[in-house]
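What follows is a set of notes on a single structure, which appears directly below.
The numbers here are math on the coordinates, done by the rules we state, and not lab data. Everything numeric here is computed off the predicted structure, so don't read it as measured data. When we count neighbours, we look across all protein chains shown, and the Cβ atoms used for this are built from the backbone with ideal geometry, even at glycine.
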Amino acid sequence: MALTAAITAIGVWLPAAAAEAQPPADSEENVVVVEMVGLLDPVLAEFIKGRIASAPEEGNTLAVILRVDSPRAVIGSSALEELSQAIEGSPVPIAAWVGPSGARAGGEVAQLLGLVDRLGLAPGAWLGKLGDPAVKGNPWGEATAVMRNRAVDHVEALELGIVSDEAETVGDFLLTLDDLGFQTEVVTTEEGDPRRTPLTEVRFVGLPYGSGLMHSVASPPVAYLLLLVALFLVVLELFTAGVGIAGVVAAGCGVLAAYGLVTLPTNIWAVALIVFGFFGFAVDVQTGVPRLWTAVGTGCVIAGTLNLYDGVSMSWVPMLGGLLCLMLGVVGGLPPLIRTRFSTPTIGREWMTGMIGEAVEPVNPYGVVSIEGALWRAKTYRASSIPIGGDVAVTGIDGLMIEVSPVAETLEGEAEKRGAEEEASTSTDSQS
């Protein structure tokens, strides 16, 4: 937790440091378009506050425009209150445009947009699903009751008086801000039609690289996939000697996943289910075939995936992609890789020849046997199968598998071999 808190502090500090490093704007008057995309997490909230605070210091910024596509906020009430105060107390006008088509502004983000000086909504975008009040006051007035549990599109927003003009693009929205000082001129196109073009400079700013990375890590699909990668590499590292590259990468992915999961509204019990699922994979992985524990692990990972976040949706694409790649790795990738490592000359398995074990699956001709408590993929050259519970003896090593036969046949074969050797020895002595 201490390490995660430290990373969170670094992620929050990065936007402020980057904002201070911004080169001074030209003396020409301008408006700043700030990207507010993705869940409103601590990194994005600090970045927006920093841009609002720096606008009057530049001296030539007419307004700050938020380009919004954010379904909800994942910051605490105090951080949300600070951001709302920054918007309300800004010495320069704050406007917001929800777009392009398909964009959304919901929950606490939609409540914050009730505080801006001007709002635009693109066709195909939606605004609403306010939920429980999180911002002081009633910024949406009578429209609050309409948007409490549902969203509105640009047509209904016009009817409610939330927006005044249809704005298909952010450029169209900027052309409506002449009362905020945004200057335009009318030109004639080649077709002879009049058209308004901006005279005021427009600057687009987004999260810098470092804080943008932390913002991406705190998105639901990235945090989930990082968790799967970290746990998969931990299982791989369990079957290797020492700590290798897989362990170092697993540690890095684990720390980033922890930051993302702590930032998001995560169900801890769902994370525990996923971790337990990988324990099940680890039990079966060296047998080379999926068994009971693989089924248990798969069920736990699926259940944990479906319930990982509370109130935050995750696309089916990362979920299905992550689960599919995981099963391919656990069932088809890890067993042969681990078998190869344990069959190298450095470790060797020739010492297993002659050891006695028990069949835990029918060996016909392939199956699984238990040798001193460890499960191994095995094969036999007998015409009939070795039943479950049958005693077996290791007769050799064939690539990634061990060769076995029933103990009785092995003892009989060894007796015949000793008899043949004794007979050959007697014949040699008599000839001498």
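Table for the structure above
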item: Phi-based couplings in Hz for the range 33-47 (Karplus 6.51, -1.76, 1.60; Gly and Pro marked x); result: 9, 9, 6, 10, 10, x, 4, 7, 9, x, 5, 5, 5, 5, 5
item: 26 Å tail of the calculated P(r), the range 219-342, as % of Cα pairs; result: 17 percent
item: Charge sum, other residues only, whose C-beta stays under 12 Å from G297's C-beta, Lys/Arg counted +1 and Asp/Glu -1; result: 0
item: Gained length - D165 relative to D178, 0.36 nm times residue gap less alpha-carbon distance; result: 3.4 nm
item: J(HN,Hα) series, the range 155-165, from Karplus relation 6.51 cos²θ - 1.76 cosθ + 1.60, nearest Hz, glycine and proline x; result: 5, 5, 5, 5, 5, 7, x, 6, 10, 9, 9
item: Calculated P(r) tail over 22 Å for the range 114-226, as whole % of Cα pairs; result: 56 percent
item: Long-range amide H partners of L40 with built H, under 5 Å; result: R72, A73, V74
item: Reciprocal of mean inverse Cα separation for the range 2-207 (Kirkwood radius, Å); result: 17.7 Å
item: Whole-angstrom Cα spans of the range 254-300 along principal axes, big to small; result: 38, 18, 9
item: Amide H partners (placed H, <5 Å) of G244, local residues excluded; result: none
